Amino acid sequence: MDRPVNLLDFDPDALAAWCEGQGEKRFRARQVLRWVHQRGASDFASMSDLAKSLRAALEANAALCALPVCSEQVSADGTTKWLLDVGAGNAVECVYIPEPGRGTLCVSSQAGCAVGCRFCSTGRQGFSRNLRTGEIVAQLWQAEHTLRRRLGLADGERAITNVVMMGMGEPLQNYDALVPALKLMLDDHAYGLSRRRVTVSTSGVVPMIDRLRADCPVALAVSLHASDDALRDQLVPINRKYPIRELLDACARYLAAAPRDFITVEYCMLDGVNDSPAQARALAALLVGRVRAKVNLIPFNPFPDSGFDCSPRGRVLEFAAVLHAAGLVTTLRKTRGDDIAAACGQLAGEVRDRTNAKARHARAPIRIRPEEARA
Ligand code: SAH
Ligand code: SF4
């Protein structure tokens, strides 16, 4: 007998096609979506309004595969981090960040990451594999329904109002699994999130930014972290393939289809590396007039042996003031969950690295002279 299909792998169209393949009407898929994603049901027998024949087909040929929880940690500020087992020694992290009036889930797209940014704990760990659609969706499915029960929410109330693809991995290097997951997040019969509340964050995979614009435009965040190619080549190695100009041109094209009228530019503040007033002026010169952007300054979140320090607060404020004066809306990201290593860039999970990342990093120490950067 064939292995059962995992319903979490199916976007709305794929589920309709599967229903058709079972001899059912395509529209029945909507009922199944509502049971699974809106109500969090995992037992087909409980799906009481489904046609008997469809229930039998589900029982015989389908499954709902949750990810085993290796651990759960709750921060003093309510941020919750789950470590989820994806098999063969790999585990990914998923973080819930509660705020007044909203709940954000930070979702992983890969076990590890092949981009290898110097200041990112995930990047230092190397890469094992892409997650499947069902593994991306399972993070939301499990978190939403666990939290609803825990918070005692009524039917129809949501725990998670926003999703950011800012967990482990580079989402645009796992494009084929990402897009169906996004479609489920947006579908009214599944999670019904607005496009403005689903954000894909990327280190800058230019061709995939163009594809996302055509296939499923959601809010876009771009991890820039430097205002010149020489520095960005070192911090975010994918820059050697897609340099800053090409990346910003792709952002400008994206805006034509984007649900918001700006791109978020993420900029992690690294002491003595990318945080001088001159670098702030260069960043403003790059953005103003080329792409409507909001800059989100992220304090560097340390992890063992990172080799970087967080910029002092005064320097961050000065950097923000330069951007502000140039007319750029600039925000400072609040650090959440750092007491449980759940903040940006601290997610490490467990990765069976297949890319020998540790040895590569040891061979290539970063060469940035602080006195140059501060000029
Ligand atoms: N791979 C995607 C999304 C995951 S990382 C990307 O790079 O955009 C989410 C954000 O956290 C990115 O902007 C990333 O550059 C930033 N980040 C990585 N390491 C960090 C650290 N140690 N401190 C603060 N931010 C970090
Ligand atoms: Fe990968 Fe993003 Fe970390 Fe860079 S910052 S290594 S792209 S997860």
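The values are calculated or read from the model by the stated rules, or taken from the named source; none is laboratory data. All values derive from a computational prediction rather than experimental measurement. Methodologically, a virtual Cβ is constructed for each residue, glycine included, from the backbone with ideal geometry; neighbour enumeration extends over all protein chains shown.
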Task: Every residue from segment 1-16 that is farther than 15 Å from residue 179 by Cβ, of a type outside the set (A, V, I, L, M, F, W, C) and either surrounded by 17 or more Cβ atoms within 10 Å (Cβ to Cβ) or touching a Lys or Arg at 6+ places or on another chain (Cβ under 6 Å) (or both) - done: 6
Open item on the list: Condition (residue is more than 11 Å from residue 204 (Cβ to Cβ) and not basic (Lys, Arg)) applied to segment 238-248: is it met by at least one residue?
Closed with: no
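Sort out which residues of segment 9-54 are farther than 22 Å from residue 138 by Cβ and part of a helix (DSSP H, G or I), and write them in order of number. Full working, then the answer.
Of all residues in segment 9-54, those farther than 22 Å from residue 138 by Cβ come to 20-28, 48-49, 51-54.
20, 21, 28, 52, 53, 54, listed by residue number.
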- [ ] May I ask you to say which residue of 245, 240 is farther than 17 Å from residue 296 by Cα and either within 16 Å of ligand 2 (Cβ to nearest atom) or crowded, with 18+ Cβ neighbours inside 10 Å (or both)?
- [x] 240
- [ ] Would you check if there is a residue in segment 285-296 being touching a Pro at 6+ places or on another chain (Cβ under 9 Å) and either more than 22 Å from residue 344 (Cβ to Cβ) or away from ligand 1 (no atom under 11 Å from the Cβ) (or both)?
- [x] no
Task: Condition broken by residue 27, with the remaining ones in (1) out of contact with any Asp or Glu (no Cβ under 9 Å at 6 or more places or on another chain); (2) crowded, with 16+ Cβ neighbours inside 10 Å; (3) aromatic (Phe, Trp, Tyr) satisfied - done: (2)
- [ ] Taking the residues in segment 210-223 that are under 11 Å from residue 255 (Cα atoms) and not basic (Lys, Arg) as candidates, determine which candidate is nearest to ligand 1 (Cβ to nearest atom).
- [x] 220
Open item on the list: Suppose we filter 105, 147 for residues that are more than 15 Å from the chain's Cα centre (by Cα) and either surrounded by fewer than 24 Cβ atoms within 10 Å (Cβ to Cβ) or over 18 Å from residue 302 (Cα atoms) (or both); which single one remains?
Closed with: 147
TODO: Would you point out which residue out of 190, 177, 138, 181 is touching a helix residue (DSSP H, G or I) at 6+ places or on another chain (Cβ under 6 Å), outside any helix (DSSP H, G or I) and in contact (Cβ under 8 Å) with a residue 24 or more places away in the chain?
DONE: 190
Task: Candidate set: segment 85-102, residues that are closer than 18 Å to residue 136 by Cβ and away from ligand 1 (no atom under 16 Å from the Cβ); chosen: the one surrounded by the fewest Cβ atoms within 10 Å (Cβ to Cβ) - done: 88
Task: Matching residues, segment 222-237, being over 10 Å from residue 267 (Cα atoms), crowded, with 18+ Cβ neighbours inside 10 Å and in contact (Cβ under 8 Å) with a residue 24 or more places away in the chain - done: 231, 234, 235, 236, 237
Open item on the list: For segment 105-126, check the following and say yes or no: at least one residue is more than 16 Å from ligand 2 (Cβ to nearest atom), in contact (Cβ under 8 Å) with a residue 12 or more places away in the chain and within 22 Å of residue 222 (Cα to Cα).
Closed with: yes
Task: Yes/no for residue 207 being assigned to a loop (DSSP other than H, G, I, E, B) and away from ligand 1 (no atom under 15 Å from the Cβ) - done: no
Open item on the list: Take residues that are at pLDDT below 90 and β-branched (Val, Ile, Thr) and tell me which of the strands (runs of 3 or more DSSP E) falling wholly in segment 262-352 contain 3 or more.
Closed with: none
Open item on the list: So in segment 150-174, with the set limited to residues that are within 16 Å of ligand 2 (Cβ to nearest atom) and either surrounded by fewer than 18 Cβ atoms within 10 Å (Cβ to Cβ) or assigned to a helix (DSSP H, G or I) (or both), which one is farthest from the chain's Cα centre (by Cα)?
Closed with: 173
